[in-house]
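The values are calculated or read from the model by the stated rules, or taken from the named source; none is laboratory data. Not measured: the values here are computed from a predicted model. Counting neighbours? That spans all protein chains shown, and the Cβs are built from the backbone with ideal geometry, glycine included. Accessible surface is based on the protein model in full, side chains and every heavy atom, while ligands, DNA and RNA are left aside. Shrake-Rupley method; radii C 1.70, N 1.55, O 1.52, S 1.80 Å.
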Amino acid sequence: MKRFKNILFVADRDDGLTTALDRAVAVAGSNDARLTVLDVTPEAGLADVVKQSYAVDLNQQIRQQRLETLEALVYPYTSTGTQIYTTVVTGTPFLEIVRAVLRNDHDLVMKVAQHDSGLVPWLFGSTDMHLLRKCPCPVWIDRPNGEPSYKRLLAAVDPFDADSADLNCLILDLATSLAEREHAALDVVHAWELPGESALASGRGRIPRTELERLLLETERRHREALNTMLSPYGLNSDTDHVHLVKGRPARIISTYAREQHADLIVMGTLGRAGIPGLIIGNTAEDVLRQSQTAVLAVKPAAFVSPVTC
């Protein structure tokens, strides 16, 4: 995984950070990368009053207190040889995180999901979702207190989307190298559908069943060929164990496989369309992220433009 050189770890919670920070330090070490640990504190509601009355910058005091906490957090890693920096800023978390990425050319953001499993039906919180939609570099969100090493990874690809060829290559590059580093099994999943199948089967546009079956077979064949072409450089094809070409809605298939195979991490694209800042094409990525309790490493096409500016 010799790809990342300037990693940003977001420490925006007080617990559940240890495993993810261990992983961040290990990834930084294996890449000879710089690692920055960041937190964002909200604006103190009485900051102006306190400054006027007591000549005390309350926001600065809060940042300093949090900075001391971060320095204590990273202290056990000082002997690893990895450069680790700490910083705290004030503002809206997702905005300040993306601005830090843009200002400092971070090439990977790592953090722990905001929500634990339990009363909340989804794993990712508001800041997580904003980053997954709007951060220009890959975003790796781990579960709180997850496993020290991954045992199974799931790469979700769509080789039939010609506009996302670079994205699929990035997904597979990351997934295969991470599986090797973690000594983990890797599943590759592509879900396919025949657009308008229900209308062709029973609606006004109904066609003979034999014709519908022929269209289904032809659609599957084209998706299989595209998948095999994409996987060939990785020594894989649709007949390889753990490569799954499945008929159905992508979000449902990805979420089901992740759950049934006990995947530790989904590597997927959030498919931001070039030239339209912050847009996720369709609902697949959104649905997967809302349904899943699995950690995610999400990437966007190289031409993605973040709606956040410095």
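Of R249, R209, R204, the residue with the largest accessible area leads and the full order is R204, R209, R249 (1.4 Å probe).
Taking G203, G269, G125 in turn, the Gaussian network model of the chain (Cα-Cα springs below 10 Å) assigns the largest fluctuation to G203. The Cα-based radius of gyration and maximum Cα-Cα distance (Dmax) for the chain are 21.8, 82 Å. Stretched out straight at 0.36 nm per residue, the stretch from D22 to A303 would grow longer than its current Cα-Cα span by 98.0 nm. Among A179, A72, A258, the residue with the largest mean-square fluctuation in a Gaussian network model of the chain, with springs joining Cα atoms closer than 10 Å, is A72. The angle between the Cα long axis of helix 250-260 and the longest principal axis of the Cα atoms of the chain comes to about 70 degrees, rounded to the nearest 10. Projected onto planes of every orientation and averaged, the convex hull of the alpha-carbon atoms in the stretch 57-101 covers 3.7 nm². In this calculation the C-beta distance from Q293 to L67 is compared with R0 = 30 Å, giving a FRET efficiency of 0.40.
Using 0.36 nm per residue and subtracting the Cα-Cα separation, the extra length available between C310 and L217 on full extension is 28.5 nm.
Legend: residues R103, R181, sorted from most to least accessible area (1.4 Å probe; ligands, DNA and RNA excluded), read R103, R181. Mind putting a number on the dipole of the stretch 84-204 about its Cα centre? Charges go on the C-beta only, +1 for Lys and Arg and -1 for Asp and Glu, and I need it in Debye to the nearest 20. For this selection, approximately 400 debye.
Using a simple spin-label model with pseudo-atoms 7 Å out from Cα toward Cβ, Y85 and S149 lie 3.2 nm apart.
For C169, the accessible area of its heavy atoms, probed at 1.4 Å with every protein chain present, is near 60 square angstrom.
Extension gain, T229-K5: 0.36 nm per intervening residue step, less the Cα-Cα distance, totals 77.6 nm. Seen against the Cα atoms of the chain and their longest principal axis, helix 58-74 is set at about 70 degrees.
Note on F160: accessible area is roughly 80 Å² with a 1.4 Å probe, heavy atoms of protein only. Of the whole protein surface, D14 contributes about 140 Å² of accessible area at a 1.4 Å probe radius. Distance between the pseudo-spin-label points of H183 and D15 (7 Å out from Cα toward the beta carbon): 3.1 nm. Helix 93-104 and the long axis of the chain differ in direction by around 90°, with both axes built from C-alpha atoms. Comparing D15, D264, D187 in a Gaussian network model of the chain, where Cα atoms under 10 Å apart are tied by springs, the biggest mean-square fluctuation is seen for D15.
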